[in-house]
1. Six or more apart or on different chains, Cβ atoms under 7 Å: show the pairs whose first residue is in region 369-390 and under 18 Å from Ser337 (Cα atoms) and whose second is open to solvent by less than 40 Å² (accessible area, probe 1.4 Å) and among the polar types (S, T, N, Q).
2. How many residues, within region 30-57, are touching a residue at least 60 places away in the same chain (Cβ under 8 Å) and part of a loop (DSSP other than H, G, I, E, B)?
3. Determine, yes or no, whether Ile150 is open to solvent by less than 60 Å² (accessible area, probe 1.4 Å), assigned to a helix (DSSP H, G or I) and among the aliphatic types (A, V, I, L, M).
4. For the subset of region 93-104 comprising residues that are at pLDDT below 70 and either assigned to a loop (DSSP other than H, G, I, E, B) or under 30 Å from the mean Cα position of the chain (by Cα) (or both), which member is farthest from Asp32 (Cα to Cα)?
5. Look at region 6-31 and say how many of its residues are open to solvent by 70 Å² or more (accessible area, probe 1.4 Å), farther than 17 Å from Tyr71 by Cα and out of contact with any strand residue (DSSP E or B) (no Cβ under 6 Å at 6 or more places or on another chain).
6. Is region 62-77 home to any residue that is surrounded by 15 or more Cβ atoms within 10 Å (Cβ to Cβ), touching a residue at least 60 places away in the same chain (Cβ under 8 Å) and of a type in the set (A, V, I, L, M)?
7. Which residue out of Tyr341, Tyr228 is in contact with a Gly (Cβ under 6 Å, 6 or more places away or on another chain) and either modelled with pLDDT of 90 or more or of a type outside the set (S, T, N, Q) (or both)?
8. Can you give me the number of residues within region 289-318 that are open to solvent by 100 Å² or more (accessible area, probe 1.4 Å), outside any strand (DSSP E or B) and either of a type in the set (Lys, Arg) or modelled with pLDDT of 65 or more (or both)?
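The values are calculated or read from the model by the stated rules, or taken from the named source; none is laboratory data. Keep in mind the model is a prediction, meaning the values are calculated, not measured. Note that each Cβ is placed from the backbone with ideal geometry, even for glycine, and that neighbours are counted across all protein chains shown. What goes into the accessible areas is simple: the full protein's heavy atoms, side chains included, and nothing from ligands, DNA or RNA. Shrake-Rupley method; radii C 1.70, N 1.55, O 1.52, S 1.80 Å.
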Amino acid sequence: MLYIGVDISKYKHDCIVIDDAGVIIRNVFSFDNSRTGFDQFMEMYRSLDPTEIKKIGFEATGHYQDNFKVYLERSGIEFMELNALLVHKFKNSQTLRGVKTDKTDARLIANYLSSIEFKPYPKISYHTLALRSLCKRHFDLINERTKYLIRITNFLDRTFPEFKEFINGNIKSKTCMYILRNYGVANKIANINIQSYENIRKCSYGKFSVAKFNQLRELAKNTVGFSYETDLFEIKSLLRVYDTLQDEISLVENEITTHLSKINSHIPSILGIGKVSAASIIAEIEDISRFNDPNKLLAFAGLDPRIYQSGTQEFKGRMNKKGSVVLRRVLMNCAESILIYNPAFYTYYRKKRDEGKSHRVAISHVARKLVRIIYKLETEHIDFDLSIVK
């Protein structure tokens with residue numbers, strides 16, 4: 001049996017081939033992260049003894065290995081993606097020397113691969129890969145939009161601090177955005193006439209009364225905020241970028257919905273989980289067959305509790321947080337939203353709160369239950385039903 005260890009990096013990858021006895025069959029060589037480089041790897045692979053079983057392994061290092069994974073998959077070659085933390089612990093168990101190079105890492109990966117059970121990485125569908133990329137783009141856009149919302153808030157804190165309290169802090173509301181887009185600064189808001197009020201009232205679906213209109217004008221006239229000559233330009237600039245980001249988010253969400261509809265998953269059937277969240281979960285899990293039981297999925301999400309046992313002492317600590325950061329974040333967010341739509345989940349949450357657990361700890365328990373529900377739906381190929389939650 002031959003073990004092929006590949007150390008993944010940004011521009012090139014280093015590879016070594018060893019046998020069962022640890023003897024080097026093909027010394028370390030580098031190939032570029034390009035079509036030419038991948039073809040060089042394939043030429044080496046085909047030159048190996050065809051009677052030997054070959055196992056390829058490399059660490060999961062962000063997105064740098066994605067192109068190589070797709071290349072191997074399209075070539076019909078099985079491979080195993082290794083947990084970088086486990087490889088690091090294996091290295092510490094082998095030597096105390098502080099030596100780290102791409103060549104030594106490739107050898108280390110090959111040695112580690114030879115010491116564990118080989119579990120081929122499942123085939124990844126095109127739509128799953130697309131969802132992962134789209135969900136990352138969506139997350140980045142949401143973060144960027146939040147930054148601009150904060151900048152708009154900071155602008156109002158200086159120019160018209162009373163406005164935030166007047167709108168109950170709901171700056172994203174349609175009425176608030178209409179006022180900011182059309183008037184922007186306090187001195188213009190103070191001079192809104194009754195004809196313009198009618199447009200604001202329509203924008204608010206009749207909720208913005210004449211009394212509120214007069215109150216807003218009085219607040220604008222007597223504001224303690226101070227202004228610069230460039231304020232109107234600044235707020236309009238901030239709003240233009242904010243609106244552009246909002247439009248991009250909508251386009252990405254539509255694209256996510258399109259690809260999600262082409263994947264046979266039962267996660268979207270869970271009440272309280274939106275399409276983007278469902279897509280993020282599906283993209284991170286990739287293939288439920290990677291996990292033999294729900295505990296493995298919990299560990300992958302980093303939601304499993306730390307366990308300490310030594311002599312007569314034994315206790316469970318906080319969540320491990322050593323799995324997928326993205327999956328854990330989405331599951332924790334979903335755990336809060338499903339409380340609104342799922343009475344059984346809310347009952348479970350209240351049970352944990354009554355046991356004296358804090359809100360965050362109780363939510364983490366809900367997230368764990370949610371993982372087990374997801375595992376059941378995906379492995380048994382059934383849609384969500386409230387009777388499933390016990």
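1. Within 7 Å, the pairs are Phe384/Ser269; Leu386/Asn342; Val389/Asn342.
2. Total meeting the criteria: 0.
3. Working: open to solvent by less than 60 Å² (accessible area, probe 1.4 Å): no; assigned to a helix (DSSP H, G or I): yes; among the aliphatic types (A, V, I, L, M): yes.
So Ile150 does not fit the description; no.
4. Going residue by residue through region 93-104, those that are at pLDDT below 70 are 93-100, 102.
Okay, now just the ones that are also either assigned to a loop (DSSP other than H, G, I, E, B) or under 30 Å from the mean Cα position of the chain (by Cα) (or both), so 95-100, 102.
Values: Thr95: 29, Leu96: 31, Arg97: 29, Gly98: 27, Val99: 23, Lys100: 20, Asp102: 13 Å.
The extreme case among them is Leu96.
5. 4
6. Checked region 62-77: no residue is surrounded by 15 or more Cβ atoms within 10 Å (Cβ to Cβ), touching a residue at least 60 places away in the same chain (Cβ under 8 Å) and of a type in the set (A, V, I, L, M).
7. Numbers: Tyr228 fails: in contact with a Gly (Cβ under 6 Å, 6 or more places away or on another chain).
Of the residues listed, the single one that is in contact with a Gly (Cβ under 6 Å, 6 or more places away or on another chain) and either modelled with pLDDT of 90 or more or of a type outside the set (S, T, N, Q) (or both) is Tyr341.
8. The number of residues fulfilling the criteria is 1.
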